[in-house]
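First the structure, in the form of structure tokens, and then the observations on it.
The values are calculated or read from the model by the stated rules, or taken from the named source; none is laboratory data. What you see is a predicted model; the values in this text were computed from it and never measured. No Cβ is skipped: glycine too gets one built from the backbone with ideal geometry, and neighbour counts run over all protein chains shown. The protein model used for the area step is the full one, side chains on, heavy atoms only, and it has no ligands, DNA or RNA in it. Shrake-Rupley method; radii C 1.70, N 1.55, O 1.52, S 1.80 Å.
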Amino acid sequence: AQSVTQLGSHVSVSEGALVLLRCNYSSSVPPYLFWYVQYPNQGLQLLLKYTTGATLVKGINGFEAEFKKSETSFHLTKPSAHMSDAAEYFCAVSVYGSARQLTFGSGTQLTVLP
Amino acid sequence: DTGVSQDPRHKITKRGQNVTFRCDPISEHNRLYWYRQTLGQGPEFLTYFQNEAQLEKSRLLSDRFSAERPKGSFSTLEIQRTEQGDSAMYLCASSPQAGMNTEAFFGQGTRLTVV
């Protein structure tokens, strides 16, 4: 079985500041890891995913995440926040590479202050 | 429109009534997934189709829930005898079959309110 813990249900940053959203996972087998973003009243959009290979993964909109097996973490970062980044972010784990049986964290609401 | 389409976007129903939601996946995608998202939580997996075959069902999918995907195209999710605890956003996603490293595309969801 797998699980995801997102530390901080709400994160606020100033525009232009570093964004850091934390995700720790638990999995009995090598995991596939995902970050999704959800805007109000919208579905989920994939930001990035780790399957195999390079542990630093770059995604859309300037986001990246690093898979650290020893820390069981997959934190999401962006060097400079933009107002349009305000949304809810979900970390997810799966033993499959696709959307089969994704286990999501409870989400982190990102607020970007002007 | 080439995205995943869900209908209706919102549904308000009285407790005890039956409701049915529809999902139209991206046309060339043969995998289809249903997830449920309650307020303040991440989505939870409900079920998965490959073409018309329902291959996986979560234990969250009680006997009151049934999903179909006739002819491997659109899918329906029916909830019988709705309860207030069924109030949630129901999300549909689809992905192509080829390979494991494929992205799933989510629809905008159907928000169900049971009163």
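Among the residues of the range B:76-115, which ones are of a type in the set (G, A, S) and within 14 Å of chain A (Cβ to nearest Cβ)? Can you show your working first?
Applying the first criterion (of a type in the set (G, A, S)) to the range B:76-115 yields B:85, B:87-88, B:93-95, B:98-99, B:104, B:107, B:109.
Passing the criteria: B:A88, B:A93, B:S94, B:S95, B:A98, B:G99, B:A104, B:G107, B:G109.
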(request) Mind listing just one residue for me: the one in the range B:55-75 that is without any contact (Cβ under 8 Å) to a residue 24 or more places away in the chain, among the polar types (S, T, N, Q) and in contact with a strand residue (DSSP E or B) (Cβ under 6 Å, 6 or more places away or on another chain) and, of those, least open to solvent (accessible area, probe 1.4 Å)? (result) B:S58
(request) Kindly provide the set of residues from the range A:82-97 that are within 19 Å of B:G42 (Cβ to Cβ) and touching a Pro at 6+ places or on another chain (Cβ under 9 Å), ordered by number. (result) A:A87, A:E88, A:F90, A:A92, A:V93, A:S94, A:V95
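Quick one: is A:P30 modelled with pLDDT under 95, open to solvent by 40 Å² or more (accessible area, probe 1.4 Å), over 18 Å from B:E103 (Cβ atoms) and not polar (S, T, N, Q)? Spell out the reasoning first.
Details: modelled with pLDDT under 95: yes; open to solvent by 40 Å² or more (accessible area, probe 1.4 Å): yes; over 18 Å from B:E103 (Cβ atoms): yes; not polar (S, T, N, Q): yes.
Answer is yes for this residue.
If you go through the range B:26-34 one residue at a time, do you hit one that is facing chain A (nearest Cβ under 10 Å), crowded, with 19+ Cβ neighbours inside 10 Å and not basic (K, R)?
Looking only at the range B:26-34, we keep the residues that are facing chain A (nearest Cβ under 10 Å), and these are B:31-33.
Now drop any that are not crowded, with 19+ Cβ neighbours inside 10 Å, which leaves B:31-33.
The next check asks that each one be not basic (K, R); those that pass are B:32-33.
Yes, that holds for at least one residue.
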(message) For the range A:48-99, give me the residue count where each residue is among the polar types (S, T, N, Q) and in contact with a Ser or Thr (Cβ under 6 Å, 6 or more places away or on another chain).
(response) 1
(message) Whether any residue in the range A:64-81 is more than 8 Å from chain B (Cβ to nearest Cβ), touching a Pro at 6+ places or on another chain (Cβ under 9 Å), open to solvent by less than 50 Å² (accessible area, probe 1.4 Å) and of a type in the set (S, T, Y) is what I want to check.
(response) no
(request) Find all pairs meeting these conditions: Cβ atoms under 6 angstrom apart; at least six residues apart or on different chains; first residue within the range A:40-63 and within 20 Å of B:S94 (Cβ to Cβ) and at the interface with chain B (Cβ under 10 Å from one of its Cβ atoms); second residue part of a strand (DSSP E or B) and among the aromatic types (F, W, Y). (result) A:G43/B:F106; A:L44/A:Y36; A:L44/B:F106; A:L46/A:Y36; A:K49/A:F34; A:T51/A:Y32
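Out of the residues in the range B:39-49 meeting the condition of being open to solvent by 40 Å² or more (accessible area, probe 1.4 Å) and not charged (D, E, K, R), tell me which one is farthest from A:S9 (Cα to Cα).
As a first pass, look at the range B:39-49 and keep what is open to solvent by 40 Å² or more (accessible area, probe 1.4 Å): B:39-41, B:44.
Filter once more, so that each one left must be not charged (D, E, K, R): B:39-41.
Details: B:L39: 13, B:G40: 9, B:Q41: 10 Å.
It comes out as B:L39.
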